[in-house]
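S.K.: Here you go, one structure.
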Amino acid sequence: MVLSDVAATPADLVAARVQMAISLGWHIILACFGVGMPALTVFAQWRGLRTGDEAYERLAHRWAKAMGVLFAVGAVSGTILSFEMGLLWPGLMATYGQVIGLPFALEGFAFFIEAVFLGIYLYAWNRLPPRLHLLTGLPVCVAGVASAFFVVSVNAWMNQPRGFDLTNGTVTGVRPWEAMFNPATPLQTVHMILAAFMVAGFGIAAVYAAAMLRGRRDRYHRIGLLLPFTAAAAITPVQIVIGDSLARFLAHHQPTKLAAMEGLNRTSSHVDLSLGGVYLDGRLRYALHIPDALSILVGFRPSTVVQGLDAVPAADRPPVTPVHLCFQVMVAIGLGLLLLGLWLGLTWWRRRDLPRSRWFLRLTVLSGPAAVVALETGWITTEVGRQPWVVWRHLRTADAVNPAPGLWAGLVVVLAVYVVLTVATVYVLNRLRTQRVTAPQEGWAEEFAP
């Protein structure tokens, strides 16, 4: 179903896609901290209350303030995204809005619960009994994860549309619960939520690793590194297993996307797993090949047939180069973060201490940006790998975009907004990093900076 007989120009289609990519790519980073940071903060506060260790409560107090800043900015970027869904993609929302409206509505409830209890958690820090105040942080943790689940379930539906019938091109028989819990929802939502905890964990740990490289080796900074890093490192192997399951899911439910991820042209058995490489002139070149490995990963035997790009017309294939490169980058970073976590785990098992090499701290500093890069490349793989469809095999992206002219003007405005938001966020967080912090209990008023 198309809203207008007038198609958008190629330039406006590109503008709409670029604007959506920038908005989503910017917002998703803040969303990850909104999912992962509350749990780390509440856990640090709980440890402080249980053990009486002031370092934990000082960390929780500092992280809560940063969490409030990121939530406020994320609310702005999330609002921009909600408007863009309707303004840029009316073909999607007018046709399928009734199908995917339920998770969006539930996400709104989760957002308001998170906002209300975050306000209570921040304002009532020294105004409620400590244990009661700790409990006010739990709804923030749950609501953040729930918001991620509801939003990602919509994206999962775009990859595996269910819950409706098409009668002469018109959507009928809408079943919103079936749409929300489509076949892709379990793996894709878990994959995203775990990624959010990894971004938050490695991102926070990177700040304290940088401080330790500058000589700040006190207990406050050691715990500030160890707590979020340990959480993120423990999640990493689980994330790799989920990612492997998701790739196997694609082989059966979205094989064209997997073919683009692997740069696989021809449908065949005994398919090699390709590491690296560049897709040029219809072929994957300069890659390292592991014989039969992709067939074994997909079907657990070398004779498993893996569908290639040749199974669909050229017009229905995604652009292979960005999908393949982003997938390779995501996998490489995931393995690197796994090795970094193993380094800490082995050292702690042997000496109950951090690795003494400064290279561990340097790599931990890099782990924060690396986790963000893995997140972004993963989303590029997911979204670009679905092209040219916005709803897989039902609605093309070119048919969903707003046909009105001048979408480039909106892109320019949005770019300016995000430049301002970025500068303001960095400025406020830097001020928070260096300001005098009054800890929750009297006698802790001392200056410290991660």
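S.K.: Under 5 Å between amide H atoms, partner at least 5 residues away or on a different chain: which partners does V390 have, H built in plane at 1.01 Å?
M.R.: L395, R396, T397
S.K.: Of W89, W408, which has the most accessible area with a 1.4 Å probe, and how do the rest follow in descending order?
M.R.: W408, W89
S.K.: Across the range 198-207, in residue order, what do the Karplus-derived ³J(HN,Hα) couplings come to in whole Hz, using 6.51 cos²θ - 1.76 cosθ + 1.60 with θ = phi - 60° and x for Gly and Pro?
M.R.: Rounded to whole hertz, the list is 5, 4, 5, x, 5, x, 5, 4, 4, 5.
S.K.: Please find the FRET efficiency linking D165 to S82, where r is the Cβ-Cβ separation and R0 is fixed at 30 Å, and quote it to the nearest 0.05. It would help to have the intermediate numbers written out before the result.
M.R.: Values: r = 27 Å, r/R0 = 0.91.
In this case the efficiency is close to 0.65.
S.K.: Sticking with this structure for a sec: Counting each DSSP H run of 4 or more residues in the chain as -39500 (n - 2.57), what helix-only mean residue ellipticity at 222 nm follows after dividing by all residues, to the nearest 500 deg cm²/dmol? Please report the intermediate quantities before stating the final value.
M.R.: On the way: 13 runs with 316 residues, N = 450.
My calculation for the chain gives -25000 deg cm²/dmol from helical runs alone.
S.K.: Okay, moving on. Quick one: what are the phi-derived ³J(HN,Hα) couplings along the range 47-55, Karplus 6.51/-1.76/1.60 with θ = phi - 60°, whole Hz, x for glycine and proline?
M.R.: 5, x, 5, 6, 9, x, 7, 5, 4
S.K.: Separate question: Express in Å², to the nearest 10, the accessible area of R162 obtained by rolling a 1.4 Å probe over the protein heavy atoms while all chains stay in place.
M.R.: Its heavy atoms expose roughly 80 Å² to the probe.
S.K.: Related question: Give me, ordered by chain and number, the residues 5 or more places off Y279 or on other chains with an amide H under 5 Å from its own placed amide H.
M.R.: Those lying under 5 Å, H to H, from Y279 are R285.
S.K.: At R0 = 51 Å, how high is the FRET efficiency between R352 and A314 if r is their beta carbon distance? Nearest 0.05 is fine.
M.R.: That gives a FRET efficiency of 0.30.
S.K.: By how many nm would the segment from R433 to H270 lengthen if fully extended, with 0.36 nm per residue of separation less the alpha-carbon distance? List each step's numbers first, then the result.
M.R.: Values: separation 163, 0.36 × 163 = 58.68 nm, distance 5.42 nm.
Additional length available on full extension: 53.3 nm.
S.K.: I would also like to ask the following. What FRET efficiency do you get for H253 and L226 if R0 is 51 Å and r is their Cβ-Cβ distance, rounded to the nearest 0.05?
M.R.: Details: r = 40 Å, r/R0 = 0.78.
With a Förster radius of 51 Å, E is 0.80.
S.K.: Continuing with this model, one more query. Once ligands and nucleic acids are excluded and a 1.4 Å probe is used, how much of K257 is accessible, expressed in Å² to the nearest 10?
M.R.: 10
S.K.: Another one. Classify the range 285-425 as rounded, prolate or oblate from the Cα gyration tensor: take a ≥ b ≥ c as the square roots of its eigenvalues, call it rounded if a/c is under 1.5, otherwise prolate when a/b beats b/c and oblate if not.
M.R.: Oblate, because a/c is 1.5 or more while a/b does not exceed b/c.
S.K.: Which peptide among 207-215, 166-174 comes first, and what is the full order, when sorted by highest mean count of other Cβ atoms within 10 Å?
M.R.: Numbers: 207-215: 18.2, 166-174: 10.7.
So the peptides 207-215, 166-174, ranked by packing, come out 207-215, 166-174.
S.K.: What list of ³J(HN,Hα) couplings, whole Hz, do you get for the range 221-232 from phi and the Karplus terms 6.51, -1.76, 1.60, once you set θ to phi - 60° and write x for glycine and proline?
M.R.: So the Karplus estimates, Gly and Pro as x, are 6, 5, 5, x, 7, 5, 4, x, 5, 4, 4, 5 Hz.
The values are calculated or read from the model by the stated rules, or taken from the named source; none is laboratory data. Keep in mind that this is a model prediction, so the values were computed, not measured. In this analysis, Cβ positions are derived from the backbone assuming ideal geometry, glycine residues included, and neighbour counts consider all displayed protein chains. Please note that ligands, DNA and RNA were not included when accessible areas were found on the heavy atoms of the full protein model with its side chains. Shrake-Rupley method; radii C 1.70, N 1.55, O 1.52, S 1.80 Å.
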